[in-house]
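Heads up: the structure comes next, in structure tokens.
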């Protein structure tokens with residue numbers, strides 16, 4: 001049955017979501033209220049092809065979770081917060097002792113409790129994704145341009161081991 005004919009079924013809307021991070025890392029710490037857009041987790045399963053006499057058989061292989069991207073509006077001290085978090089991920093900028101640029105010191109690169117929640121019209125959570133072993137693997141800041149009147153956007157790529165899904 002289609003939801004168009006049912007008055008008790010509400011379709012999920014793309015603009016009803018919330019991004020949370022319980023590790024205190026990132027902008028806004030627990031609730032990332034300046035998120036403009038976020039990808040939901042997705043995976044790709046590799047395939048192995050075998051030939052038995054004159055037949056080819058495909059067998060599923062290993063699931064690989066694809067990185068997600070998050071677009072943030074640059075408000076307040078977003079860049080400052082993300083740059084200071086770079087040190088929490090184990091990187092320190094060059095100093096007078098070490099002229100080697102960024103140096104990997106320790107592996108504290110996990111965003112604990114990184115959660116994407118989809119909400120219904122009442123603001124209740126109807127779908128929840130929690131990323132395990134997540135860390136920021138890429139940060140890009142939009143270009144400055146006199147010909148536009150846009151808000152500066154920060155695009156983060158989050159890489160993770162796997163995601164758990166809960167539907168309410």
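Each reported figure results from applying straightforward, stated rules to the coordinates on display, with no laboratory input. What you see is a predicted model; the values in this text were computed from it and never measured. All Cβ positions, even for glycine, are placed from backbone atoms using ideal geometry, and neighbour counts span all protein chains on display.
Remark on the stretch 121-168: Rg and Dmax equal 16.4, 46 Å (Cα only). Between the beta carbons of residue 57 and residue 132, assuming R0 = 41 Å, the FRET efficiency works out to 0.80 to the nearest 0.05.
Between residue 40 and residue 152, residue separation times 0.36 nm minus the direct Cα-Cα distance comes to 38.1 nm. Shown is the FRET efficiency for residue 30 and residue 168, computed with R0 = 22 Å from the Cβ-Cβ distance and rounded to the nearest 0.05: 0.65.
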